[in-house]
Amino acid sequence: MTFGALPRLAALSLPFLLAACDRAGDEAAERLPDQAPLEESTPAPTPPLSETRNAPLAKTMPSAMHGDWHKDDLGRTPTPQDCDPRLRGNIDWDRLITVRDEGYSYFETGGRIMEVHARTDRMIDATFDTTYADTPTSERRDFALQPGGTLVVNADKGNGGMDVTRYIRCPE
């Protein structure tokens with residue numbers, strides 16, 4: 001078939017297509033008000049994968065990692081005394097992290113979730129508001145629960161490197 005034949009074929013097909021549409025409209029109009037409407041012959045389109053992939057992620061820390069954690073540098077599981085530095089002065093303040101729904105606290109700083117980049121029930125990759133004093137700052141970190149029950153926190157150092165810290169859950 002040549003290119004010039006396509007417009008002619010389309011022009012010849014148009015009356016048949018219009019007639020088919022008209023018959024479908026007549027059939028729908030003939031249905032009584034108490035009858036169910038005609039079913040569409042084509043299913044509703046599914047949203048593109050990009051829309052489902054970009055669905056908003058929960059702006060909360062996964063509940064499985066909520067609680068107090070001690071840096072894994074003791075060579076053993078932390079005791080309640082290790083996890084409460086008020087009992088021993090300020091010995092372990094810089095080794096403790098507390099994870100809450102809206103973010104985390106660490107020593108004199110912490111972070112409130114600003115933007116979530118990826119999240120599951122066992123990990124979160126987010127940008128946190130880490131403003132301290134009156135200097136606005138933010139950091140991207142990811143928190144991941146490991147199979148052995150530890151929490152690994154990766155902090156983006158900004159130069160492509162990561163600062164990786166492993167924590168062990170404090171006793172309740």
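The values are calculated or read from the model by the stated rules, or taken from the named source; none is laboratory data. For clarity, every value in this text was computed on a predicted model and none was experimentally measured. Heads up, the Cβs are rebuilt from the backbone with ideal geometry, glycines too, and the neighbour counts pull from every protein chain shown.
Scanning segment 90-125 for residues being at pLDDT 90 or above and at positive phi gives a total of 1. Checked against the criteria, residue 73 does not count as assigned to a helix (DSSP H, G or I), out of contact with any Lys or Arg (no Cβ under 6 Å at 6 or more places or on another chain) and either surrounded by 10 or more Cβ atoms within 10 Å (Cβ to Cβ) or modelled with pLDDT of 90 or more (or both).
No other residue among 121, 94 is in a loop (DSSP other than H, G, I, E, B) and touching a strand residue (DSSP E or B) at 6+ places or on another chain (Cβ under 9 Å) apart from 121. Exactly one residue among 147, 78 is surrounded by 14 or more Cβ atoms within 10 Å (Cβ to Cβ) and either in contact with a Phe, Trp or Tyr (Cβ under 6 Å, 6 or more places away or on another chain) or assigned to a loop (DSSP other than H, G, I, E, B) (or both), and that residue is 78.
Residue count for segment 150-172 satisfying the condition of being modelled with pLDDT under 85 and outside any strand (DSSP E or B): 6.
Looking across segment 99-139, just one residue is polar (S, T, N, Q), over 15 Å from residue 156 (Cβ atoms), free of Cβ contacts under 8 Å to residues at least 40 places away in the same chain and surrounded by fewer than 14 Cβ atoms within 10 Å (Cβ to Cβ), and that is 135.
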